[in-house]
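So the structure is just underneath, and the comments pick up after that.
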Amino acid sequence: MGIIVKNVSKEFKTGNGKGGIFTAVDNVSFHVAQGHLVALLGPSGSGKSTVLRIIAGLEKPDTGEVVLEGKSMTTRPAKERGVGFVFQHYALFKHMTVWKNIALGLEVNKFPPDQIKSRVNELLELVQLKGYDHRYPSQLSGGQRQRVALARALAPRPNFLLLDEPFGALDAKVRRNLSVQLRKLHNEVKTTSVFVTHDQEEAFELADEIVVINHGRVEQIGSAEDIYDQPASKFVASFIGNINVLEGCSDGQTIRIGKELLPIPGASATNKTGDVVILIRPENIRISKDSEKNLIATVKTVSYRGDRYEIMLDLAGLELRMIYDKTRGETQRWVHGSKLPIQLTKFTLFEAHEGHEALRAKLQSLGYIE
């Protein structure tokens with residue numbers, strides 16, 4: 001059965017003394033299949049942590065329903081939901097050893113001593129902390145503390161595991177290592193899990209499915225491949241990965257970018273006409289060898305990145321970032337001001353109903369383009 005979140009909404013008072021209302025979650029629905037790990041991905045303040053707390057029973061929704069294993073739990077307290085919760089800042093008891101922190105939930109629920117000993121030993125092995133049982137949190141690294149928090153959440157064998165940005169306080173290398181360990185751990189224990197993150201690489205690496213949330217609403221649900229390659233909205237396209245934003249005008253067959261004409265790939269026509277915005281990823285720009293089907297851009301800067309070059313281009317007065325992978329087997333030298341024939345091999349096209357200037361201002365205000 002897993003987890004079903006159905007039409008959930010939640011408002012908070014703004015606290016500014018004017019009686020304002022802030023909508024944190026706005027009619028959110030999604031399903032987590034039993035044994036799967038789903039990521040709630042979105043920018044800070046998008047409402048994803050509130051959704052997680054509603055599933056856990058730490059917040060009560062204003063409307064909607066939470067169903068766990070086929071049973072409505074919307075009004076049931078957190079202790080009756082069979083949920084393990086892992087917080088961003090560990091929430092370990094400083095005066096307790098690693099052993100006592102992990103065993104605490106088992107002791108509170110009056111498990112027999114022999115079962116507690118067996119379970120704690122099992123979890124220490126599972127999270128690779130065997131031999132650390134007598135240490136205190138202050139004697140551990142950040143990554144080790146988070147593994148203790150994870151073991152503690154798993155100790156009572158919860159039906160569901162909820163993780164709220166569990167690696168957010170760690171440096172990039174430790175975060176990556178723990179992400180790999182969490183995915184491996186999930187494959188072993190098969191607990192139905194929901195993972196909140198603003199880091200798309202974490203979501204891509206860990207999740208079976210991703211729910212993209214923005215301003216309290218679900219923008220798209222799908223696999224990492226679906227979301228990256230087939231974004232359902234301008235927000236998803238600009239939030240996921242690096243993106244170039246170009247303005248143009250479409251007649252249904254071609255797009256005019258300044259003085260340049262861009263054929264629409266993959267179809268002879270499109271129903272999107274008039275002002276359009278083109279969102280294209282840097283890796284989907286290629287140096288062209290077909291003189292009849294290329295665009296002419298001007299090289300602005302070239303940055304060497306070891307395994308690739310990052311080239312900033314000017315295309316009809318619009319800035320375009322291209323990634324040139326050295327593994328293509330070609331060696332080239334580019335200089336400022338030189339002309340470069342390029343092709344946009346794959347892009348996403350949206351109508352700009354509000355006009356180019358308003359759309360660009362909106363994307364800038366949200367922080368998705370400079």
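The values are calculated or read from the model by the stated rules, or taken from the named source; none is laboratory data. All values derive from a computational prediction rather than experimental measurement. Here the Cβ is made from the backbone with ideal geometry for all residues, glycine too, and neighbour counts use every protein chain on show. Accessible surface areas use protein heavy atoms only, side chains included; no ligands, DNA or RNA. Shrake-Rupley method; radii C 1.70, N 1.55, O 1.52, S 1.80 Å.
Quick one: order MET322, MET1, MET312 from most to least accessible surface, probe 1.4 Å.
The ordering from most to least exposed comes out as MET1, MET312, MET322.
Per residue, what accessible area does the chain have, given a 1.4 Å probe and all protein chains present, in Å²?
Accessible area per residue: 51 Å².
Using mean Cβ contacts within 10 Å as the protection proxy, how do 313-321, 155-163 order, highest first?
155-163, 313-321
May I ask you to list the aspartates and glutamates whose Cα is less than 16 Å away from that of LYS10, ignoring any residue fewer than eight positions away on the same chain?
Of all the aspartates and glutamates, those that pass the test against LYS10 - Cα under 16 Å, at least 8 places apart if same chain - are ASP26, GLU59, ASP62, GLU65.
Please report, in Å, the Rg and the Dmax of the range 66-186, where both are computed over Cα atoms only.
Considering the range 66-186 through its Cα atoms, Rg and Dmax are 14.6, 43 Å.
Evaluate E = 1/(1 + (r/R0)^6) for CYS249 and ASP26, where r is the Cβ-Cβ distance and R0 equals 35 Å; express this FRET efficiency to the nearest 0.05.
It comes out at approximately 0.60.
Rounded to the nearest 0.05, what FRET efficiency is calculated for SER141 and GLU201 with R0 set to 22 Å and r the Cβ-Cβ distance?
So the FRET efficiency works out to roughly 0.55.
Count the DSSP beta bridges whose two residues both fall in the chain, then state the antiparallel fraction as a percent rounded to the nearest 5.
Of all bridge pairs located within the chain, approximately 75 percent are antiparallel.
Give me the one-decimal nm value for the distance between modelled label points at LYS339 and LYS272, 7 Å along each residue's Cα-to-Cβ direction.
Going by the 7 Å Cα→Cβ label model, 2.9 nm.
Any chance you could run the full-extension gain for LYS190 through ASP314? It's 0.36 nm times the residue separation minus the Cα-Cα distance, nm to one decimal.
Between LYS190 and ASP314, full extension yields 39.7 nm more.
Pull out the extension gain between LYS326 and SER72, defined as 0.36 nm times the separation in residues minus the alpha carbon to alpha carbon distance; nm, one decimal.
Stretched fully, the LYS326-SER72 segment lengthens by 86.0 nm.
Taking a 29 Å limit on the Cα-Cα distance, which of the listed pairs LYS6/LYS100; LYS13/LYS110; LYS79/LYS184; LYS79/LYS100; LYS234/LYS300; LYS173/LYS300 fall beyond it?
Too far apart for the 29 Å limit: LYS6/LYS100; LYS13/LYS110; LYS173/LYS300.
Starting from 0.36 nm per residue, how many nanometres of slack lie between VAL108 and ASP171 once their C-alpha separation is accounted for?
19.3 nm is the gain from fully extending VAL108 to ASP171.
What aspartates and glutamates does LYS346 reach when the alpha-carbon gap must be under 14 Å and sequence neighbours fewer than 8 apart in one chain are set aside?
Within reach: ASP229, GLU283.
Just name one of SER233, LEU140, VAL5: the one whose Cα is farthest towards the positive end of the charge dipole of the chain (beta-carbon charges, Lys/Arg +1, Asp/Glu -1).
In the chain, that residue is LEU140.
Show which aspartates and glutamates lie in cross-link reach of LYS94 when reach means a straight Cα distance below 19 angstrom and same-chain residues fewer than eight apart are skipped.
Hits, sequence-local ones excluded: GLU107, ASP133.
Quick one: pull the percent of accessible area on the range 43-170 belonging to carbon and sulfur, 1.4 Å probe, ligands and nucleic acids left out.
Heavy-atom surface of the range 43-170 belonging to carbon and sulfur, 1.4 Å probe: 49 percent.
Just the Cα atoms of the chain, one point each, no solvent: what log10 I(q)/I(0) does Debye give at q = 0.07, 0.09, 0.10, 0.11 Å⁻¹?
Scattering profile of the chain, log10 relative to I(0): -0.42, -0.65, -0.77, -0.88.
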